[in-house]
1. Suppose we filter Thr87, Thr140, Thr93 for residues that are under 19 Å from Gly246 (Cβ atoms), open to solvent by less than 20 Å² (accessible area, probe 1.4 Å) and either out of contact with any helix residue (DSSP H, G or I) (no Cβ under 9 Å at 6 or more places or on another chain) or among the polar types (S, T, N, Q) (or both); which single one remains?
2. Out of all the residues in region 294-323, which are within 26 Å of Ile230 (Cα to Cα) and open to solvent by less than 30 Å² (accessible area, probe 1.4 Å)?
3. Restricting to region 177-211, and then to whatever is at pLDDT 95 or above and among the small types (Gly, Ala, Ser), can you tell me which residue is nearest to Thr156 (Cα to Cα)?
4. Inspect all residues belonging to region 214-227 and state whether any of them is in contact with a helix residue (DSSP H, G or I) (Cβ under 9 Å, 6 or more places away or on another chain), among the hydrophobic types (A, V, I, L, M, F, W, C), without any contact (Cβ under 8 Å) to a residue 40 or more places away in the chain and farther than 30 Å from Ala52 by Cα.
5. Sort out which residues of region 153-177 are in contact (Cβ under 8 Å) with a residue 24 or more places away in the chain, touching a strand residue (DSSP E or B) at 6+ places or on another chain (Cβ under 7 Å) and surrounded by fewer than 22 Cβ atoms within 10 Å (Cβ to Cβ), and write them in order of number.
6. Based on this model, can you work out whether Ala52 counts as aliphatic (A, V, I, L, M) and either open to solvent by 60 Å² or more (accessible area, probe 1.4 Å) or modelled with pLDDT under 95 (or both)?
7. Would you confirm whether any residue within region 229-244 is over 25 Å from His119 (Cβ atoms), buried (at least 23 other Cβ atoms within 10 Å of the Cβ) and modelled with pLDDT of 95 or more?
8. Answer yes if at least one residue in region 181-198 is surrounded by fewer than 24 Cβ atoms within 10 Å (Cβ to Cβ), in a strand (DSSP E or B) and β-branched (Val, Ile, Thr), and no otherwise.
Amino acid sequence: MSLSFGKFIPAATFAATLAFGAFNAANATTVLKFAHIYDESTPYHKVLLEAADEIKKQTDDRYEMQVFPSSSLGNEEAINEGLSLGTVDLIYTGPAFMAQSYPEIGVLDYPFVFRDFDHWQAFWNSDLRDEMAKGYQDATGNILVTHTYYGTRQVTSNKPILKPEDMKGLKIRVPNAPAYTLFPNAVGANPTPMAFSEVYLGLQQGVVDAQENPLPTIKAAQFYEVQSDISLTSHTTATLTTIMSGVTNDELSDEDRKIIFDILKKAAAKATGEVRDQEASLVQWFKDKGVNVHEVDRKPFMDVVLPLLQGANMPWSPDTFKRLEAIGQ
């Protein structure tokens, strides 16, 4: 959907022009809308505010990026859909949601796929990453701009989770995507999809018994206030991808595209460093708050999950899984 700067846009159809942002005739500034579901206190959000200032400065006010946190423009399913509907220009999402359009990339959000942060980082600098980004673009028209380390996902509950049997029957909130339901299903838990914005209340009221997220998210969302235990299962090394609508991308000049992409990549790298720093200090922080933090032997969990990832019914080719596992070895 293209904005013609020389045409009158009727009020009834003005909302449709938001695929490329709102054009301000008075100062010739195009507004780019960046939507995400995370709290304003998170590093992911804060770096976007800095990036917005840089985008405005480096494009001489040709572009202004407005950031909409905390699901203010919808949950993760809605903002992904918004890229195509023309309600947003940029979003944070994850491979599990990208996989709804391009299944192959979903492997990145499955449990125990990455050995550690170094393996994760090596993938994002690999040829396999470039192939997946192209596959996603071919399927959707949208552009994978960059990636941010979201953190390593841990389980919170009101009891220790030290072995797979401890999760049997546990009603655990997960994002609404197959990548997140596989782990609890494998260990006999009851995965319960729920919008992120509803999780705190769901835990408080006992609608769900547990949830799983990286330590910085557990802190930012204050889940530790309604959960007594954090078990360091480290089951998923998670990614936030920055995606631009293909419509928006096509409207950018080569010069402006490079400026905006470079700024967003630097923002992602900064957030990645901050998340890593937080993860290093948060175990003690939670303990100081009176939360029970448990070290966990990952091997029994991996022994249950890894055979499933190599099954014939998974939405990626066996070759893709082998190539991913071989990176960095």
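1. Of the residues listed, the single one that is under 19 Å from Gly246 (Cβ atoms), open to solvent by less than 20 Å² (accessible area, probe 1.4 Å) and either out of contact with any helix residue (DSSP H, G or I) (no Cβ under 9 Å at 6 or more places or on another chain) or among the polar types (S, T, N, Q) (or both) is Thr93.
2. Listed by number, the residues that qualify are Val296, Phe301, Val305, Leu309.
3. Going through the qualifying residues, I end up with Ala210.
4. yes
5. Result: Asn158, Lys159, Pro160, Leu162, Leu170, Lys171, Asn176.
6. no
7. yes
8. yes
The values are calculated or read from the model by the stated rules, or taken from the named source; none is laboratory data. As the structure is a prediction and not an experimental result, all values here were calculated from the model. Every residue, glycine as well, gets a Cβ built from its backbone with ideal geometry; the counts of neighbours run over all protein chains shown. Just so you know, the surface numbers come from the protein's heavy atoms only, side chains and all, with ligands and any DNA or RNA stripped out. Shrake-Rupley method; radii C 1.70, N 1.55, O 1.52, S 1.80 Å.
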